[in-house]
Amino acid sequence: MKPLAEVAGVVPAPADEVFARIAGTLREQPYNPRFEVDAERRFVAQQGGWWYRGEYTVEEDPAGARVTHRVYNVASHGRWAVPLANRFFVGFAERTREDFVRMMEDLALAVGEGRTLG
């Protein structure tokens with residue numbers, strides 16, 4: 001599978017703590033039709049709608065925890081239409097980046113303040 005979007009960044013905090021916060025936040029979302037978590041690999045995935053799959057991985061980094069987010073097309077029917085349609089969703093890639101940057105900023109603040117995300 002080739003990602004439709006991929007973004008990464010570093011949070012100045014331990015990888016296990018960052019992973020736990022991301023997994024907890026994603027698990028609590030109201031619409032979560034398919035949720036996967038592998039704490040050993042620090043991997044979280046959400047899948048829903050007809051095409052969307054978002055995956056997060058958290059790895060050790062000298063500056064803290066490297067978080068990578070990838071969005072995949074997992075459509076079983078009309079798969080060819082997803083990349084085409086996303087080109088017409090003005091700002092899809094930019095919105096993905098902006099949402100990720102906001103999440104990373106929230107993570108850094110939450111860890112520093114000892115609070116949950118949200």
Checklist line | Per-residue HN-Hα couplings for the range 17-29 [Karplus 6.51, -1.76, 1.60; θ = phi - 60°; Hz; x = Gly/Pro] | finding: 5, 4, 4, 4, 5, 5, 4, x, 5, 5, 4, 7, 5
Notebook entry, point to check: Roughly how many nanometres apart are two label points built 7 Å out from the Cα toward the Cβ at residue 97 and residue 38?
Noted result: 2.9
Notebook entry, point to check: Taking amide hydrogens as modeled 1.01 Å from N in the peptide plane, which residues meet the under 5 Å criterion relative to residue 13, leaving out close sequence neighbours?
Noted result: 65
Notebook entry, point to check: Taking θ as phi - 60°, what are the ³J(HN,Hα) couplings along the range 38-43 by the Karplus curve (6.51, -1.76, 1.60), each to the nearest whole Hz, with x for Gly and Pro?
Noted result: 10, 5, 4, 8, 6, 10
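Quick note: the coordinates plus some simple rules give every number you see, no bench work behind them. None of these values were measured; they are calculated from a predicted model. Quick reminder, even Gly has a Cβ in these numbers, built from the backbone with ideal geometry, and neighbours come from all protein chains shown.
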